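Contents: one structure, followed by commentary.
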Amino acid sequence: MTERAPARGRGTARALAVVLAGFAAGDAAAAQPRTAIPWLSDSVEAPAPPAAPRARPRGRNPDASATITVTPLDPIRRDAVGLLPPATTGLPRSLWKGLTASQVASLLIDHPDLGPPAARAVFRRLLLAEADPPEGPDPRDAALLARIDRLLDLGALDEAEALLIAAGPQTPDLFRRWFDIGLLTNRATEQCDALRQNPALSPTLPVRVFCLARGGDWNAAEITLTLGGGVGSITPDQEALLARFLDPVVFEGEPDPPVPRPLTPLDFALREAVGLPRPSGGLPRAFLWSDLDEHTPMRMRIGAAERLMDAGAIDAATLLDAYRTGAPAASGGVWDRARAVQALDAALLPGAEAPLGEALAVADAALSAHGLRTVFARGYADQFAALEPAQLPPPVRVRLAELLLLAGDTASAARAAGPAPDARLASLFAIADAPRAAGTAAGDPRAAAALGGLAVRPPSTPLETRLIAAIDGGAAGPAVLEALDLLAPGSATDPASLETALYVLAAAGQRAEARAIALQTLLAPNDG
């Protein structure tokens, strides 16, 4: 901020059933996709409706014999924009074959995004994938807006911004989202410059005031605020908040203004700049990025990192760094997790006197209880792989092998397990496709289901047959979403649903992700 001098689990299946049943074209066009998230700032004026065509004068055409040739231009389809090409995602370009933009938007908005971390990562891959645009016109960019809004909902601001830049944020709906990302990441300079340079993007007066102040023109900002309030273009609540933002010293000792409902990113940025309290209850994940700053109080930083990590919006290292920012101030909750991570760090140091096995077990239990076992495994993968298993007792070696499997390092996991793992570990290695003899299900129905789902075989149930037919027909997107829906219960996923979901995901080019989902379901039961 520029300084001034002091003065949902079954939704996808239901939506897919409707899509497969086939809407009439008129019904599909009439359905309005729910793409607008409620807390967007009103950063630009709504575009005026197009003017009615002027009546053509009656009379003889003076050049009626002339031949006029019209060549239609292909409309720009922003819905095809993506960050990940098919070679990276493993998904075909024809993800949404046979679906309109409105239907795609509804599928993406309704998807609950629950289940193991690897399942949620597949959903984010769908949101970022390059793909053929949906069928029919989409002048409102409904499918693209749905993808961006789900990324914002997850707190994945960098990915949402990259998608917006790739599409070109020249329309009011796209610009609103780009402007809000700038506010939430404290890098709105480019957005304010774009408003000045593009007359078609007509900023609202509160945004004009903010951008003028951010650019250092405080006098113009105050004049604009006064005029806007006088003519009613700025509401009294907005005027009071902007006035406090422009000259906070004047309001020292005054009662705090009420929190707007909904709280937009512009409101949030203005209130944060002058130190006003936050609303009670949780903020949207997208508002939490500023809390990752190293100067944020430790508890607040950990809370933000855990929520963003839950949605896959940050990496494991960012969360673990939050646990290491200072000495735990109390016991229970976040403090126990921070204390466990710091104790494990100390036990992993060369020559450490603390017993490694105990520190590893405590940290594993603390983070697993909060659904963070996969994150824990990934964050410590390199350090775990560097340990010498022969120096560890058997129970610690088993735990180490499990964590390395969750981290995706099957070679190090095999070394930790030793040459003769028990039947349970053998089945896990078979699921991970580790370089050892295939294992059995060891009496675990879910392990047997995972092995069945990963097997190369023809479909064995009507549901598998239907979803494989959709994939073979080019409509992999809805099939993948329905498979992910089956995984929403996490560790409570029944064996039949687990087998079908893994089988469909593998058939859709997501075999590695299906293996990771299976391991996380079996080894990280709280991660769902």
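Observations on the structure shown:
- Sorting 119-127, 481-489, 281-289 by their mean Cβ neighbour count within 10 Å, with the most densely packed peptide first, gives 481-489, 119-127, 281-289.
- Gain on full stretching of the segment that runs from Arg324 to Ala369 - 0.36 nm per residue minus C-alpha separation: 14.3 nm
- Cleavage-rule hits, GluC sites (Glu not before Pro), region 292-389, DSSP coil, Cβ neighbours within 10 Å at most 13: Glu294, Glu353
- For the chain, the solvent-accessible area works out to 47 Å² per residue, with a probe of 1.4 Å and every protein chain left in place.
- Region 158-191 versus region 208-226: alpha-carbon centroid distance in Å: 21
- Computed over region 229-285, the P(r) tail beyond 17 angstrom holds 36 percent of alpha carbon pairs.
- Using θ = phi - 60° in the Karplus curve 6.51 cos²θ - 1.76 cosθ + 1.60, the 3J(HN,Hα) couplings for region 467-480 round to 6, 5, 5, 5, 5, 5, x, x, 9, 6, x, x, 5, 5 Hz; x is entered for Gly and Pro.
- The apolar share of the surface of region 303-398, taken as the fraction of accessible area on carbon and sulfur atoms (1.4 Å probe, ligands and nucleic acids excluded), comes to 56 percent.
- Histogrammed with a bin width of 5 Å, the alpha carbon distances of region 242-318 distribute as 3, 13, 24, 20, 17, 13, 5, 3, 1 percent, first bin at zero.
- When each of the peptides 179-188, 394-403, 223-232 is scored by how many other beta carbons lie within 10 Å of its residues on average, the order from highest to lowest is 179-188, 394-403, 223-232.
- Whole-number D in µm²/s for region 440-496 (Stokes-Einstein; Kirkwood sum over Cα pairs; 4 °C, 1.567 mPa s): 104
- Bins of 5 Å, starting at 0 and running to the largest distance - Cα pair percent for region 350-489: 2, 9, 15, 17, 17, 14, 11, 7, 5, 3, 1, 1, 0
- Dimensions of region 183-256 based on its C-alpha atoms, expressed as ranges along the principal axes with the largest first, amount to 39, 29, 21 Å.
- Once backbone amide H atoms are built at 1.01 Å from N, Val44 has Thr204 as its partners under 5 Å, excluding neighbours fewer than 5 places away on the same chain.
- Compactness of region 274-342 - radius of gyration and Dmax, Cα, Å: 12.0, 36
- Ligands, DNA and RNA left out, the accessible area of region 204-264 computed with a 1.4 Å probe is 57% carbon and sulfur.
- 3J(HN,Hα) from dihedral phi, region 373-385, Karplus parametrisation 6.51/-1.76/1.60, rounded to Hz, x for glycine, proline: 5, 5, 4, 4, 4, 5, x, 10, 4, 5, 5, 5, 5
- Taking the helices alone, the chain has a mean residue ellipticity at 222 nm of -16000 deg cm²/dmol, built from -39,500 (n - 2.57) per DSSP H run of at least 4 residues and averaged over all its residues.
- Alpha-carbon radius of gyration plus Dmax, which is the widest Cα pair, for region 278-425 in Å: 16.4, 56
- Annotation: extensible slack from Asp382 through Asp247 equals 43.5 nm (criterion: 0.36 nm per residue apart, minus Cα-Cα distance).
- Relative pair counts by distance (%), Cα atoms of region 333-374, 5 Å bins: 5, 29, 30, 20, 10, 4, 0
- Inter-probe distance in nm under a simple model that places probes 7 Å from Cα toward Cβ, at Leu349 and Ala87: 4.6
- When peptides 196-203, 258-265 are sorted by average Cβ neighbour count within 10 Å, with the highest value leading, the order is 258-265, 196-203.
- Close amide-amide hydrogen proximity is noted between Glu135 and Gly98, Leu99, Thr100, Ala101, each under 5 Å apart and 5 or more residues distant or on a separate chain (H modeled in the peptide plane; Pro and chain starts excluded).
The values are calculated or read from the model by the stated rules, or taken from the named source; none is laboratory data. Keep in mind it's a predicted model, so treat the numbers as computed, not measured. FYI the Cβ positions are ideal-geometry reconstructions off the backbone, even for glycines, and counts take in every protein chain you see. When the accessible area is computed, the model is the full protein with side chains, heavy atoms only, and any ligands, DNA or RNA have been set aside. Shrake-Rupley method; radii C 1.70, N 1.55, O 1.52, S 1.80 Å.
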